[in-house]
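Remarks on the structure that follows.
The values are calculated or read from the model by the stated rules, or taken from the named source; none is laboratory data. Just so it is clear, the model here is predicted, and its values are computed rather than measured. With ideal geometry, Cβ positions are generated from the backbone for all residues, glycine too; neighbour counts draw on all protein chains shown.
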Amino acid sequence: MQQVDLGTTDLNSLQVAGVDEAGRGPLFGDVIAAAVVLDAGRAIVGLADSKTLSHRTRERLYEQIYTHAAAVSIGRASVSEIDRLNILQASMLAMQRAVVNLQWQPKLVLIDGNRCPQLPCRTRSVIKGDAKVAAISAASIVAKVTRDREIVALHHRYPGYGLDRHKGYPTKAHLQALKLLGPTPLHRRSFAPVSALLSHSLTH
């Protein structure tokens, strides 16, 4: 993993949290963020951007992160918050909540991407941080596995949409199911494919 130079700092690993989110693109479900503080004395081998890992590898690393990391927490923004705020602001809110939910507050928070949420500590955005910073990689894995597991469970509540396969992303099969069955209460009304479908149903 290519390491990011954080510059001159006296911060140790127990004062630095990595943060990432999962679920900005789907039409269905909450957006979920994770914050992870790694323990330098308990290395986790194989951390990488969750999108590049197989399902089995993500699951294995997820368990190792919860076992070996110094602190792990989850934050989320609901579908109603996504529709009210927009997905970017809802993602920032989920990240804020993930950091606040940590067992203790870090001195520095490293955020994947190019924007930082408002936090009462130092923050730094890292472009492609989930591939460059181990703590952000760990957060990306925790966020994705957490969300994927929740969506698979919701598949049983809302059968017919194929949620267990596409996890709520706007695949062809998902869009076809939406046209046939209509949106569930957990579909994001502010997202174009869902709002277009609702507008169409109101005019016919």
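The figures follow:
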read-out: Test: residue in the stretch 138-152 that is out of contact with any Ser or Thr (no Cβ under 9 Å at 6 or more places or on another chain), hydroxyl-bearing (Ser, Thr, Tyr) and assigned to a loop (DSSP other than H, G, I, E, B); value: no
read-out: Selection within the stretch 114-130 - in contact with a Lys or Arg (Cβ under 8 Å, 6 or more places away or on another chain), free of Cβ contacts under 8 Å to residues at least 60 places away in the same chain and not charged (D, E, K, R); value: CYS116, CYS121, SER125
read-out: Members of the stretch 61-79 that are surrounded by 15 or more Cβ atoms within 10 Å (Cβ to Cβ) and either polar (S, T, N, Q) or farther than 22 Å from GLN103 by Cα (or both); value: GLN64, SER73, SER78, VAL79
read-out: Selected residue [in contact with a helix residue (DSSP H, G or I) (Cβ under 9 Å, 6 or more places away or on another chain), over 13 Å from ALA139 (Cβ atoms), among the small types (Gly, Ala, Ser) and free of Cβ contacts under 8 Å to residues at least 12 places away in the same chain] from GLY41, GLY25; value: GLY41
read-out: Of residues in the stretch 84-128 being of a type in the set (A, V, I, L, M) and part of a loop (DSSP other than H, G, I, E, B), the one nearest to ALA22 (Cα to Cα); value: ILE127
read-out: Total residues in the stretch 162-181, condition outside any helix (DSSP H, G or I) and without any contact (Cβ under 8 Å) to a residue 12 or more places away in the chain; value: 1
read-out: Matching residues in the stretch 50-60 - criterion: being at pLDDT 95 or above and either buried (at least 23 other Cβ atoms within 10 Å of the Cβ) or of a type in the set (D, E, K, R) (or both); value: SER50, ARG56, ARG58, GLU59, ARG60
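Here is a yes/no grid of residues against (1) modelled with pLDDT under 95; (2) on the phi > 0 side of the Ramachandran plot; (3) surrounded by 13 or more Cβ atoms within 10 Å (Cβ to Cβ):
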{"residue": "ALA139", "(1), (2), (3)": "no, no, yes"}
{"residue": "ALA143", "(1), (2), (3)": "no, no, yes"}
{"residue": "GLU150", "(1), (2), (3)": "no, no, yes"}
{"residue": "HIS155", "(1), (2), (3)": "no, no, yes"}
{"residue": "PRO170", "(1), (2), (3)": "no, no, yes"}
{"residue": "ARG188", "(1), (2), (3)": "no, no, yes"}
{"residue": "LEU197", "(1), (2), (3)": "yes, no, yes"}
{"residue": "SER201", "(1), (2), (3)": "yes, no, no"}
